[in-house]
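The values are calculated or read from the model by the stated rules, or taken from the named source; none is laboratory data. Small disclaimer: the values here were computed from a predicted structure and weren't measured. Cβ coordinates were reconstructed from backbone atoms using ideal geometry, including for glycine residues, and neighbour counts include every protein chain displayed. Ligands, DNA and RNA are stripped out before the accessible areas are found, and what is left, the full protein with its side chains, is counted by its heavy atoms. Shrake-Rupley method; radii C 1.70, N 1.55, O 1.52, S 1.80 Å.
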Amino acid sequence: MLPRLLLTYPRLASFVRDDIGLLSERYDVRTFAFDVQGGGGVVGRAQALARRAAEQRRWLRAEAPGADVILSWFADYHAVFPVRAGRQFGVPVAVILGGFDSNRLPELDYGVYESRWRAPLARYVLRRADLLLPVSGALIESENRFATWPRARAQGVQVHAGDLDTPYAVLPTGYEAESWSMGPAERGQTVCTVGFVSASRTVRLKGIDLLIETARRMPEVTFTVLGVTAEQQTWLRAEYTPPQNVQLLDPQPRERLAEAYGSASVYAQLSRSEGMPNVLCEAMLCGCIPVGSRVGGIPDAIGGAGEIVEAPDPVRIADAIRTAFARAPEGRQAARDHILARFTRAHRRQRFFQLLAGLAKR
């Protein structure tokens, strides 16, 4: 009989789905999606949260007594009752940290710590969990100048949770090389970025505003932004008036992204806050030369295979993109090799199982 693992998460994102498949190789994985569907307004959302919390408590009463490990993707309100259940039934609890639960940008109202009621719940989870699994060491403690240039702002759970002595182990995300094949060596002067843009805040959070301003300075280059909803495309055109060399495209299924990566020469990740961006790593596997901000796990993902931008300055970003173009075509294999050396699914599998086995023994 396989050991039982309880997994909770706010929504079934692609990285959560990947982990369910991986963990199912060794565990009887039982999941609870704390996705909130309810009426509009504060009252409607509060009622939906209360209903979902009651459902989660019933699930935990049934599942936790026989569980070997409890795991949560992100430290937020959905992890409070799983942590309590772990304490009640003597089941160890691990929490994967992804970014929103570790960083704070008041200017963009971003991060769990911007919420008066969610912040104390996140801190409770962080302090009561048995093990934290950040996708990047930067989520424990780091410095971000890019978002507040030139002033530095401390980031990470050690900063925002305070008095945190919970053990942690860095567990980077992992990728199947076969799913992201290398594209052609010769490509045009094209820059791509991917991000689900369904709200105006995301435009600044993912640095799409910076990409548009950079495109004005590089009219000979085609810039493609994948993942912008129709409503946000309209807003973006009215707010920023992108030049003709900027293409705004609808969200695409994940299986179609390899084609987009394979036709781009450079992939840009100009986020003002980030954990470990999956799309950046996937694009590098497809041979894109990376250009990214010095934020969160972005420098770890890029390594020496691309260009790191220190300041949110379109002039400097344009210079970095030109330097990245000069790395091609030879640099495409180097970008792929860097991900293969550090961020494969096999690496994550081995480390994940090792950490969870050690946690269960404790």
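Please go through the stretch 6-16 and give me each residue that is open to solvent by 10 Å² or more (accessible area, probe 1.4 Å) and within 25 Å of Arg57 (Cβ to Cβ), ordered by number.
Tyr9, Pro10, Arg11, Leu12, listed by residue number.
Hand me the list of helices (runs of 4 or more DSSP H) wholly inside the stretch 156-217 holding 3 or more residues that are under 30 Å from Ala334 (Cα atoms).
Those helices (runs of 4 or more DSSP H) span 200-205, 208-216.
Listed residues Gly183, Gly188, Gly207, Gly174; which is touching a residue at least 12 places away in the same chain (Cβ under 8 Å) and in contact with a His (Cβ under 6 Å, 6 or more places away or on another chain)?
Gly174
Please go through the stretch 179-204 and give me each residue that is surrounded by 21 or more Cβ atoms within 10 Å (Cβ to Cβ) and among the hydrophobic types (A, V, I, L, M, F, W, C), ordered by number.
Correct list: Trp180, Val191, Cys192, Val194, Val197, Val203.
One residue is enough: does the stretch 42-62 have a residue meeting the conditions β-branched (Val, Ile, Thr) and in contact with a strand residue (DSSP E or B) (Cβ under 7 Å, 6 or more places away or on another chain)?
Looking for residues that are β-branched (Val, Ile, Thr) and in contact with a strand residue (DSSP E or B) (Cβ under 7 Å, 6 or more places away or on another chain), one finds none in the stretch 42-62, hence no.
Looking only at the stretch 325-362, which residues are outside any helix (DSSP H, G or I) and either more than 21 Å from the chain's Cα centre (by Cα) or basic (Lys, Arg) (or both)?
Ala328, Pro329, Glu330, Arg362
Residue check: is Tyr267 within 20 Å of the chain's Cα centre (by Cα), buried (at least 20 other Cβ atoms within 10 Å of the Cβ) and under 17 Å from Met218 (Cβ atoms)?
Yes.
Tell me which of these Ser115 doesn't satisfy, since it passes every other one: (1) under 17 Å from the mean Cα position of the chain (by Cα); (2) open to solvent by 10 Å² or more (accessible area, probe 1.4 Å); (3) among the small types (Gly, Ala, Ser).
All conditions pass for Ser115, except number (1).
Step by step: first the residues of the stretch 125-155, then only those that are within 20 Å of the chain's Cα centre (by Cα), part of a loop (DSSP other than H, G, I, E, B) and of a type in the set (A, V, I, L, M, F, W, C), then the one that is surrounded by the most Cβ atoms within 10 Å (Cβ to Cβ). Which residue is that?
Out of the qualifying residues, it is Phe146.
Could you please tell me which pairs satisfy a Cβ distance under 9 Å, a separation of 6+ or placement on different chains, a first residue in the stretch 82-102 that is on the phi > 0 side of the Ramachandran plot, and a second residue that is open to solvent by 10 Å² or more (accessible area, probe 1.4 Å) and modelled with pLDDT of 95 or more?
So the pair list comes out as Gly99/Phe74; Gly99/Glu274; Gly99/Met276; Gly99/Gly296.
All but one of (1) under 18 Å from the mean Cα position of the chain (by Cα); (2) more than 29 Å from Val159 (Cβ to Cβ); (3) touching a residue at least 40 places away in the same chain (Cβ under 8 Å) hold for Glu63; which doesn't?
(1)
What is the one condition in (1) buried (at least 16 other Cβ atoms within 10 Å of the Cβ); (2) closer than 22 Å to Ile96 by Cα that Cys286 does not satisfy?
(2)
Quickly run through the stretch 303-321 and pick out the residues that are over 18 Å from Arg217 (Cβ atoms), surrounded by fewer than 24 Cβ atoms within 10 Å (Cβ to Cβ) and in contact (Cβ under 8 Å) with a residue 24 or more places away in the chain.
Gly303, Gly304, Ala305, listed by residue number.
Pick from the stretch 96-124 the residues that are in contact with a helix residue (DSSP H, G or I) (Cβ under 7 Å, 6 or more places away or on another chain), small (Gly, Ala, Ser) and assigned to a loop (DSSP other than H, G, I, E, B): which of them is farthest from Ser200 (Cα to Cα)?
Ser102
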